[in-house]
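Handing you this structure, nothing more for now.
Every number in this text was worked out from the coordinates using simple rules, so none of it is lab data. Only a predicted model underlies this, so the values are computations on that prediction, with no experimental measurement involved. All Cβ positions, even for glycine, are placed from backbone atoms using ideal geometry, and neighbour counts span all protein chains on display.
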Amino acid sequence: MTDRGAQLNLFSHPETHKIAHIIKRDGRLVAFNKLKIVNAVFRAAQSVGGTDRDRAETLADKSVAALARNFSAGATPSVEEVQDIVEKVLIENGHAKTAKAFILYRAERRSRREKVDPVGPIEDNVPYKVLYRHLAWNVDHDCHTLEGLNRHMVDGTWGKLIKEAERAYLDEVDKVSKIILKRLPDVRLVIVAGPSSSGKTTTTTKISEKLAEKGVSFVLLNLDNYFRNLDVQPKDEHGDYDFEMPQALDLDLINDHLGRLMDGGEVRPPRYNFKTGKREEGGETVRLNPKQILLIDSLHGLYEKMTDSVAPETKFKFYIEALCQLKDSDGEFVKFSDWRMIRRMVRDNWHRSYDPVQTIGHWHYVRKSEMRYIVPFIKNSDYIFNGALPYELPYHKRLLAPFMDRILDTFKDNPRKADALIRAQRIHRLFSGVRAAEDDSAVPGNSLLREFIGGGVYKY
């Protein structure tokens, strides 16, 4: 939003309306003023080329009417609730560009209130300019709210949203592939890094396909095969294994194999048996020829000790996160980590027969490791990729809703699992605001979403 003067604090000078006051962000009660809505809408419109103040007046009237419908007589909404109504009115009345400017300005103001540079890092170290780009796409396609998703499902535009979201994802894959090709022949190792369930596996596969079209062959080194044997994995006081830390992998063996491959040698990686929890012999021999590039897909690909045997100039470090730009029923953006936790609950259940209760109960290890070993190194990546698909939540609800009551019951009386209960409650509230998909027939077989819900063309 280029107009820094847009004032979205809707207060002072009361209008003749049943809502006489609103609550500011600092808790103060102030008089409601429709003129503030008019000014906010008009300035947002001006920032995208609009000049019709009368139309801003009309939209403000519609916003006031919507407030009357949504709040009972004598109610006192918050500033955020008023702004949510204005945003919804703009979108429903065909003013998507103005709504987009309005929404982006709100996000920028939020970052400034939190004393965060709007083009610098935010929570989890992802730059705002990256988030703005994906938020703008969602706003343009009316899928940045649960209400928007529900409208697509009801109005018959769901299939169109899926196609456009898949196209945007593939455009991103193509962009990354072109960057890698441009850096050849210096690049010998491509690292796809990111937290659990961010979409690394499918994205890695698709990058490989794009590069293969240009005659560049990728050799995948699966670091899951380098897990240490289960009998030497550390446990906590609850008896749970912590597989999320880099030290759960044999870093010395990884670096030895990487170094030998970069020097033109060959290695024979192990195979990890997840059923027995042991590393086994029998992996296929790996060697790089001049037309091949080594590719690794790992949670900890940006962790320096993971690849410190490889010269920095020969690496391309590509970070992927589920940068979901979706607001829940309370008007808050869904947490990236919650989005990924939902994905993992779904995937672990169908792929590994792992109870979603166990997944959510274990998630504190995931976040602890991410914050210690992944987030601090995001700044070292060469590219940040969005692995979230804006349409996927209804499919996750369809698969997880039957488990939610049991999940909540499991954690509600266990003070040692209070963090799991809080997460479960957030997911339950999120699901309550969105329709469940009836089936997954509209999801392409090669979609990234298939990595989690199953039924895809790729082998995981």
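Assign unit charges at the C-beta atoms only (+1 for Lys and Arg, -1 for Asp and Glu), then state the dipole size of the chain relative to its Cα centre in Debye, rounded to the nearest 20.
700 debye
Please give the peptides 314-325, 55-66, 193-204, 77-88 ranked by average Cβ packing (other Cβ atoms within 10 Å per residue), highest first, as a rough proxy for protection.
Result, highest mean Cβ count within 10 Å first: 193-204, 314-325, 77-88, 55-66.
Computed FRET efficiency, Cβ-Cβ of Lys182 and Ala65, R0 51 Å: what is it to the nearest 0.05?
So the FRET efficiency works out to roughly 0.40.
Give me the number: length gained by fully extending Glu438 to Arg406, i.e. 0.36 nm times residue separation minus the C-alpha to C-alpha distance, one decimal in nm.
Extending this stretch completely gives an extra 9.3 nm.
What does region 145-272 give for Rg and for Dmax, in Å, if only its C-alpha atoms count?
Rg and Dmax of region 145-272, Cα atoms, are 20.0, 58 Å.
Calculate, in nm to one decimal, what Asp382 and Asp224 gain on full extension: separation in residues at 0.36 nm each, minus their alpha carbon distance.
Net length gain for the segment: 54.6 nm.
Hey, another quick one. If you only keep lysine pairs separated by 8 or more in sequence, or across chains, how many in region 80-225 come under 20 Å at the Cα atoms?
Counting lysine pairs in region 80-225 gives 23.
Continuing with the same structure: How big is the charge dipole of region 120-244 about its Cα centre, in debye rounded to the nearest 20, if each Lys and Arg gets +1 on its Cβ and each Asp and Glu gets -1 on its Cβ?
So the magnitude is around 860 debye.
Related question: Taking every DSSP beta bridge that has both residues in the chain, what percent is antiparallel when rounded to the nearest 5?
The antiparallel proportion sits near 35 percent.
Report, in degrees rounded to the nearest 10, the 0 to 90 angle that the Cα long axis of helix 336-352 makes with the longest principal axis of the chain.
Compared with the principal axis, the helix lies near 50 degrees.
Going by C-beta contacts inside 10 Å, put Ile360, Ile342, Ile378 in order with the fewest on the left.
Details: Ile360 25, Ile342 28, Ile378 19.
Ordered by Cβ neighbours within 10 Å, fewest first: Ile378, Ile360, Ile342.
Which order do peptides 407-414, 450-457 fall in by mean Cβ count within 10 Å, highest first?
Top of the packing list down: 450-457, 407-414.
Taking amide H atoms as placed 1.01 Å from N in the peptide plane, list the residues 5 or more away in sequence, or in a different chain, whose amide H sits under 5 Å from that of Leu295.
Here Val190, Val219, Leu220, Leu221 satisfy the definition.
To continue, here is another question. If we sort 207-214, 439-446 on the protection proxy, mean other Cβ atoms within 10 Å, highest first, what's the order? Don't skip to the end; give the middle numbers.
On the way: 207-214: 15.5, 439-446: 13.2.
Taking the mean over residues of other Cβ atoms within 10 Å, the ranking is 207-214, 439-446.
Need one number: nm distance between label points at Thr76 and Ser217, each 7 Å from Cα along Cα→Cβ, rounded to one decimal.
Inter-label distance under the simple model: 7.2 nm.
Given the -39500 (n - 2.57) contribution per DSSP H run of 4+ residues, what per-residue ellipticity at 222 nm results for the chain, rounded to the nearest 500 deg cm²/dmol?
Values: 14 runs with 206 residues, N = 460.
That calculation yields -14500 deg cm²/dmol at 222 nm.
Toward the positive end of the charge dipole of the chain, about the Cα centre and with charges on Cβ (Lys, Arg +1; Asp, Glu -1), which of Ile293, Met306, Ile91 goes farthest?
So the residue furthest toward the plus end is Ile91.
Could you give me the percent of Cα pairs per 20 Å distance bin for the chain, shortest bin first, beginning at zero and ending with the bin that holds the maximum distance?
Per 20 Å bin, starting at zero, the Cα-Cα P(r) for the chain comes out as 22, 51, 23, 4, 0 percent.
What are the ³J(HN,Hα) couplings of region 76-82, residue after residue, when phi is run through the Karplus curve with 6.51, -1.76, 1.60 and θ = phi - 60°? Round to Hz, x for glycine and proline.
10, x, 8, 4, 4, 5, 5
Hey, if you put +1 on the Cβ of every Lys and Arg and -1 on every Asp and Glu Cβ in region 153-453, which of Ala212, Thr202, Leu251 ends up farthest toward the positive end of that dipole?
Ala212
A follow-up question, please. At a threshold of 8 angstrom on Cα-Cα distance, excluding pairs fewer than six apart, so keeping six or more, what relative contact order does the chain reach in percent?
Relative contact order comes out at 15 percent.
A further question follows. Hey, if you put +1 on the Cβ of every Lys and Arg and -1 on every Asp and Glu Cβ in region 153-453, which of Phe336, Ala165, Val443 ends up farthest toward the positive end of that dipole?
My answer, from the dipole projection, is Ala165.
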